[in-house]
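Single-structure report; data block below.
The values are calculated or read from the model by the stated rules, or taken from the named source; none is laboratory data. Because the structure is predicted, anything quoted here is derived from the model rather than measured. Don't worry about glycine lacking a Cβ; one is built from the backbone with ideal geometry, like all the others, and counts go over all protein chains shown.
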Amino acid sequence: MYKINKEKVRKILVDEMNYTPYKVDLLLKDYPSLRDQLGEAVEQWLKDRTVADVAVEGFSIKDVMEKRQVHFLVAVKKLNILLDKSIPVEERDKLRKTLSRQVVFK
Amino acid sequence: MTLPWIEELREENWAVLSVDRRLAALNEMERALAQQETRKPCEVKGIPDESRRIGADGEPILRGHNDPIEKEIQIDPILLSGDRPPYQAVETYFHEARHAYQDYAIEHPEIHDGPEQVADWQKNDAAYIGEEDIELDFAKFSHYRWQPVEADANRIAYERTEELYTGMFQDATKQYQDYRTNVEKEIFEDIDYAVYEFETSDYEQEARLFMLSKHEAELDMQKQDSLTQTDTLVESSDSEEVEPGEDYGYYRGYSP
């Protein structure tokens, strides 16, 4: 399992990407350990901010970012749930349904 | 409130209009609606290119935007273009016009029948749940969707579009029926998603409470900011001696 380097990530999100610090802290507070393929994607992002072409059950990280309008790290967190067999099947089914839905703002 | 009759918004008329004339029709609706609501009209225009957000499927992720400072209602140009029927553009206009009304009601609460609702709008305006909140998972999409100002704007836009096309124009075309079916499917999915995200069927209240807690947190942060002090120790200007144990006089300036 992969544990993110929270300090390093915080520095990137706050100093480089100008996100609001307290919102970043909340995101990172209970950030889960990641399955290996997602951990590798995070490593790549830490290196050069590119988003690896990684998919979980047909959902790519880029697709989830685009459809749900979420940051890379949030997309990875959501896909990690799909890989967690300890989470009930119904929960994972619901998540699957929502991941493919495009959010729209008005 | 009676919606004004704007002939160009009928589907068969809209179909033959240029984008400029379609915008002119929406501006005519806005002038009439604003007059009824006793507010100044906004200018209805397209979202400028640099602010547009388009999904991978070519559809707008940002359909419309109300700019209260510039007094503009902006609609994504795709909704105004080509062979598209008027319905989505009109419903988006009604949604953004409702935000303009909410802004006006916050400044002039006497015009709205519902002081508690205006109080909610005022707090929501100060603690709006927006795209950065969703981007970082600080808020869920359903907090955005069902926060008071958005739930109200969606509801009113739906009702007014239905009133215009079914009630006034008696548009019985398959196009309108298909549009309405898709909108209702979207609403149903939003509700379904909210129940999933919030684990309660009282999703509007859940979103409202989240907004109120954001409002409280932001008030606390503002209070802390306003109390940031520059302590300047200033000795008393006269040469009065200070006995041991006495404090020097302080001057405290408050920095913004």
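Checked against (1) acidic (D, E); (2) surrounded by fewer than 12 Cβ atoms within 10 Å (Cβ to Cβ); (3) closer than 27 Å to B:R145 by Cα; (4) more than 14 Å from chain A (Cβ to nearest Cβ), B:D20 passes all but condition (3).
Could we say that B:A89 is of a type outside the set (S, T, Y), in contact with a helix residue (DSSP H, G or I) (Cβ under 9 Å, 6 or more places away or on another chain) and within 11 Å of chain A (Cβ to nearest Cβ) here? Answer is no for this residue. The number of residues in the range B:56-86 that are within 14 Å of chain A (Cβ to nearest Cβ) and either in a helix (DSSP H, G or I) or among the aliphatic types (A, V, I, L, M) (or both) comes to 7. Checking each residue in the range A:16-35 for being under 12 Å from the mean Cα position of the chain (by Cα) and aromatic (F, W, Y) picks out only A:Y31. Could you list all residues from the range B:99-129 that are surrounded by fewer than 19 Cβ atoms within 10 Å (Cβ to Cβ), within 14 Å of chain A (Cβ to nearest Cβ) and farther than 18 Å from B:A207 by Cβ? None; the set is empty.
Residues that are within 8 Å of another protein chain (Cβ to nearest Cβ), free of Cβ contacts under 8 Å to residues at least 40 places away in the same chain and either under 13 Å from the mean Cα position of the chain (by Cα) or closer than 23 Å to B:W146 by Cβ (or both): does the range A:49-56 have at least one? No, the range A:49-56 contains no residue that is within 8 Å of another protein chain (Cβ to nearest Cβ), free of Cβ contacts under 8 Å to residues at least 40 places away in the same chain and either under 13 Å from the mean Cα position of the chain (by Cα) or closer than 23 Å to B:W146 by Cβ (or both). Residues of the range B:63-77 that are closer than 20 Å to B:D103 by Cα and either aliphatic (A, V, I, L, M) or more than 16 Å from the chain's Cα centre (by Cα) (or both): B:I69, B:I73, B:I75. Checked against the criterion of being β-branched (V, I, T), closer than 17 Å to B:F138 by Cα and more than 7 Å from chain B (Cβ to nearest Cβ), the range A:80-96 has no qualifying residue. Quick check: anything in the range B:17-38 farther than 27 Å from B:Y104 by Cα and not in a helix (DSSP H, G or I)? Yes, the range B:17-38 contains at least one residue that is farther than 27 Å from B:Y104 by Cα and not in a helix (DSSP H, G or I). The set of residues in the range A:79-96 being within 16 Å of A:Y2 (Cβ to Cβ), in contact with a strand residue (DSSP E or B) (Cβ under 9 Å, 6 or more places away or on another chain) and not hydrophobic (A, V, I, L, M, F, W, C) consists of A:N80 alone. Give the number of residues within the range B:26-55 that are polar (S, T, N, Q) and either surrounded by 15 or more Cβ atoms within 10 Å (Cβ to Cβ) or within 14 Å of chain A (Cβ to nearest Cβ) (or both). Selection size over the range B:26-55: 2. Which residue pairs have Cβ atoms under 8 Å apart, sit 6 or more places apart or on different chains, and have a first residue in the range B:1-25 that is touching a residue at least 24 places away in the same chain (Cβ under 8 Å) and a second that is acidic (D, E) and loosely packed, with under 14 Cβ neighbours inside 10 Å? So the pair list comes out as B:A15/B:D83.
Kindly establish whether B:L79 is closer than 21 Å to B:A32 by Cβ, at pLDDT 95 or above and of a type in the set (A, V, I, L, M, F, W, C).
In short, yes.
Would you call B:Y176 surrounded by 15 or more Cβ atoms within 10 Å (Cβ to Cβ), part of a helix (DSSP H, G or I) and modelled with pLDDT under 95? The answer is no for B:Y176.
Does B:V19 meet the test of being touching a Ser or Thr at 6+ places or on another chain (Cβ under 8 Å) and farther than 26 Å from A:R101 by Cβ? Yes; evaluated as a whole, the condition is true for this residue.
In this structure, B:E96 does not qualify as crowded, with 20+ Cβ neighbours inside 10 Å and within 22 Å of A:R101 (Cα to Cα). Looking across B:E132, B:E163, B:E159, one residue alone is under 30 Å from B:P85 (Cα atoms), part of a helix (DSSP H, G or I) and either within 12 Å of another protein chain (Cβ to nearest Cβ) or free of Cβ contacts under 8 Å to residues at least 24 places away in the same chain (or both). It is B:E159. From the list A:L38, A:L73, A:L13, the one residue that fits, being within 14 Å of the chain's Cα centre (by Cα), among the hydrophobic types (A, V, I, L, M, F, W, C) and more than 10 Å from every other protein chain (Cβ to nearest Cβ), is A:L38. Do we find that B:D137 is modelled with pLDDT under 95, at the interface with another protein chain (Cβ under 10 Å from one of its Cβ atoms) and part of a loop (DSSP other than H, G, I, E, B) in this structure? Taking the combined requirement at face value, the residue satisfies it.
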